[in-house]
Amino acid sequence: FAAQVGFYSQVKLSRVISLQPELLYQTRGSKHDDGVLRTHELTVPLNIRVRLFAAMEDIVDNQMFFYAGPYYSYRFAGTLGGGKMDFDNEFRRDEYGVQYGFGFDIMRVQILFGASSSFRSLGRDDKIMQKSAMFSLGYRF
């Protein structure tokens with residue numbers, strides 16, 4: 001289980017396509033041979049959203065969309081098996097990859113279902129590729 005909190009914005013490029021940059025604080029967890037792995041990260045995704053059913057916007061204010069885009073994460077803390085992670089010798093602080101999924105905007109609430117895949121190993125020597133499934137609930141102010 002992991003949690004995230006942050007901010008996002010939406011820039012309309014056309015009636016159907018928009019850009020959604022985000023700034024997130026997130027925790028990630030996983031099982032590892034040496035125990036439970038938990039990281040704390042700042043993540044910056046940059047997603048392109050493709051809106052479905054744009055022709056119905058006069059009838060329904062709600063939107064359904066697909067999204068995909070790159071992300072960059074900076075790990076500033078972590079534990080493995082109860083001890084601190086060694087980012088100088090064993091683990092990398094930087095991660096980048098891609099995320100994708102679909103979502104709904106219902107009035108001021110955004111619901112996302114998605115996944116992410118890292119292009120870079122968490123371990124310097126061991127190949128530890130992070131993959132995640134996500135559920136996100138957001139509110140627009």
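The values are calculated or read from the model by the stated rules, or taken from the named source; none is laboratory data. Here the structure is a predicted model, which is why all the values come from computation and not from measurement. We place every Cβ from the backbone using ideal geometry, glycine too, and count neighbours over all the protein chains shown. Please note that ligands, DNA and RNA were not included when accessible areas were found on the heavy atoms of the full protein model with its side chains. Shrake-Rupley method; radii C 1.70, N 1.55, O 1.52, S 1.80 Å.
Data overview
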read-out: Residues within region 75-121 that are more than 22 Å from residue 5 (Cα to Cα) and either exposed (fewer than 12 other Cβ atoms within 10 Å of the Cβ) or out of contact with any His (no Cβ under 7 Å at 6 or more places or on another chain) (or both), tallied; value: 15
read-out: Condition met for residue 30 (surrounded by 14 or more Cβ atoms within 10 Å (Cβ to Cβ) and farther than 20 Å from residue 7 by Cβ); value: yes
read-out: Total residues in region 5-27, condition assigned to a strand (DSSP E or B), surrounded by 12 or more Cβ atoms within 10 Å (Cβ to Cβ) and not hydrophobic (A, V, I, L, M, F, W, C); value: 9
read-out: Single match in 134, 107 (criterion: touching a residue at least 24 places away in the same chain (Cβ under 8 Å) and either in contact with a strand residue (DSSP E or B) (Cβ under 9 Å, 6 or more places away or on another chain) or among the aromatic types (Phe, Trp, Tyr) (or both)); value: 134
read-out: Odd one out for residue 91, checked against (1) free of Cβ contacts under 8 Å to residues at least 40 places away in the same chain; (2) out of contact with any Pro (no Cβ under 8 Å at 6 or more places or on another chain); (3) closer than 27 Å to residue 19 by Cβ; (4) of a type in the set (Phe, Trp, Tyr); value: (3)
read-out: Residue 75 closer than 21 Å to residue 125 by Cβ and in contact with an Asp or Glu (Cβ under 7 Å, 6 or more places away or on another chain); value: yes
read-out: Given (1) within 28 Å of residue 128 (Cα to Cα); (2) open to solvent by less than 80 Å² (accessible area, probe 1.4 Å), number of the condition residue 48 does not satisfy; value: (2)
